[in-house]
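Have a look at the structure below, then the notes.
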Amino acid sequence: MAKQVHQPREDAEFDFILGMSGVPVLAYFIGTWPKAIEPCRAMDLVVGGVADEYTGRLTAVRTDMTRCPAATKRYGITGAPSCVLIEDGEAVAQAAGPMTTAEVRELLDAHLRKSV
């Protein structure tokens, strides 16, 4: 996994990362139950690569739904993997299910171009 991807251990750490980020946050929510493991591992690779590409333009956060239940509820996450682009604490874009690198870039570029 890329060095640029944060992995909060609890909701307070998730909130701290959001508060300290001066750029939009791409939070991708993962699950640890059997049917979620493989799709979430695939998202690790996708988001890790995208985080490297977008260094300085976004903060990536790998969020375990079990460890961060308040964040999971706050952003209406019901399945894993799911991605949420967050700016100033508010979700500005969201997608559920496994995504390709091109799909994640499209989600980011649609918003990041507006805020640049």
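Mind checking which helices in the chain clear 27 Å along their axis (Cα) and have mean Kyte-Doolittle hydropathy of 0.0 or more, DSSP H runs only?
34-53
Choose one of A110, T55, V84: the residue whose Cα lies farthest towards the positive end of the charge dipole of the chain (beta-carbon charges +1 Lys, Arg; -1 Asp, Glu; about the Cα centre).
After comparing all options, I get V84.
Rounded to the nearest 500 deg cm²/dmol, what is the calculated helix-only ellipticity per residue at 222 nm for the chain, with -39500 (n - 2.57) per DSSP H run of length n ≥ 4?
Values: 4 runs with 51 residues, N = 116.
Computed ellipticity for the chain at 222 nm equals -14000 deg cm²/dmol.
Per q in 0.12, 0.13, 0.20, 0.21 Å⁻¹, report the Debye log10 I(q)/I(0) for the chain, using one uniform scatterer on each alpha carbon and no solvent.
Summing over Cα pairs of the chain leads to -0.35, -0.41, -1.06, -1.18.
Using the heavy atoms of the protein chains and a 1.4 angstrom probe, tell me the accessible area per residue for the chain in square angstrom.
Details: 6240 Å² over 116 residues.
Result: 54 Å² of accessible area for each residue.
Using DSSP, restrict attention to beta bridges with both residues in the chain and report what percent are antiparallel, rounded to the nearest 5.
Details: 11 of 20 bridges.
So the antiparallel bridges in the chain amount to around 55 percent.
On a 1.4 Å probe surface of the protein chains, which of D88, D109 comes out largest in accessible area, and what is the full order?
Details: D88 145, D109 35 Å².
Highest to lowest solvent-accessible surface, that is D88, D109.
At a 1.4 Å probe radius, carbon and sulfur cover how many percent of the accessible area of region 1-81?
The nonpolar share, carbon plus sulfur, comes to 55 percent.
The values are calculated or read from the model by the stated rules, or taken from the named source; none is laboratory data. On a predicted model such as this, the values are computed, not experimentally measured, just so you know. Every residue, glycine among them, receives a Cβ derived from its backbone with ideal geometry; neighbour counts consider all protein chains shown. Just so you know, the surface numbers come from the protein's heavy atoms only, side chains and all, with ligands and any DNA or RNA stripped out. Shrake-Rupley method; radii C 1.70, N 1.55, O 1.52, S 1.80 Å.
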